[in-house]
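The values are calculated or read from the model by the stated rules, or taken from the named source; none is laboratory data. Bear in mind that the values here come from a model prediction, so they are computed numbers and not experimental data. Please note: Cβ atoms are built from the backbone with ideal geometry, for glycine as well, and neighbour counts cover all protein chains shown. What goes into the accessible areas is simple: the full protein's heavy atoms, side chains included, and nothing from ligands, DNA or RNA. Shrake-Rupley method; radii C 1.70, N 1.55, O 1.52, S 1.80 Å.
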Amino acid sequence: QVLLVESGGGLVQPGGSLGLSCAASGSIFGIYTMNWYRQAPGKQRELVAQITSGGSTNYADSVKGRFTISRDNAKNLVSLQMTTLKPEDTAVYYCNVRAVQGIFWGQGTQVTVSS
């Protein structure tokens, strides 16, 4: 069974920084992409950042230049470093992995940007 365990998140002031991590445990192989999504209250879940097995990255326009996604293939770990955070970044952030076995989701972690 594949399990994604997220860590990080919390409350931060506007302009601050925060890091999220997600570790995939269990028998997972053939990972295509590791991704971070977020869902704000009353809004649809959206893709924030993606990183491929080869290290190519893609970002939502709203976070380009502020967020950085990285991965450790050996540890099946994906991280998201968030800087210059804005109140509109407030959401539940979800780790997502797309692999040969299927698509897996973490339980979500709350990020709140507020003064």
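Before moving on, here are some points about what is shown:
- Paramagnetic label zone (point 7 Å from Cα along Cα-to-C-beta, T84; backbone N under 20 Å) in the stretch 13-36: 13-20
- Karplus 3J(HN,Hα) series, Hz, for the stretch 77-82 with 6.51 cos²θ - 1.76 cosθ + 1.60 (x for Gly, Pro): 10, 10, 10, 9, 9, 10
- Share antiparallel - DSSP beta bridges, the chain, percent rounded to 5: 95 percent
- Accessible area (Å², 1.4 Å probe, nearest 10) - K86: 80 Å²
- For the chain, size of Cβ-based charge dipole, Lys and Arg +1, Asp and Glu -1, in debye: 80 debye
- Cα principal axis extents for the chain, largest first, Å: 42, 25, 23
- Taking each residue as 0.36 nm, the span from W105 to S70 lengthens on full extension beyond its C-alpha to C-alpha distance by 10.9 nm.
- Residues of the stretch 65-96 falling in the label zone of S17, defined by backbone nitrogen less than 15 Å from a point 7 Å along Cα to beta-carbon, are 65-70, 80-86.
- Per residue, the accessible area of the chain comes to 51 Å², computed with a 1.4 Å probe over protein heavy atoms only.
- Contact order normalised by residue count of the stretch 1-111, Cα under 8 Å, 6+ apart, percent: 36 percent
- For the stretch 37-47, Karplus couplings with θ = phi - 60° (6.51, -1.76, 1.60), whole Hz, Gly/Pro x: 10, 8, 9, 8, x, x, 10, 6, 5, 10, 6
- Residues whose amide H lies under 5 Å from that of G16, counting only those 5 or more places away or on a different chain, are L85; hydrogens are built 1.01 Å from N in the peptide plane.
- Karplus-derived 3J(HN,Hα), 6.51/-1.76/1.60, for each residue of the stretch 20-34, Hz, glycine and proline x: 10, 9, 9, 10, 9, 10, x, 8, 10, 8, x, 6, 8, 9, 10
- Rounded to the nearest 20, the Cβ-based charge dipole of the stretch 48-115 about its Cα centre (Lys and Arg +1, Asp and Glu -1) stands at 140 debye.
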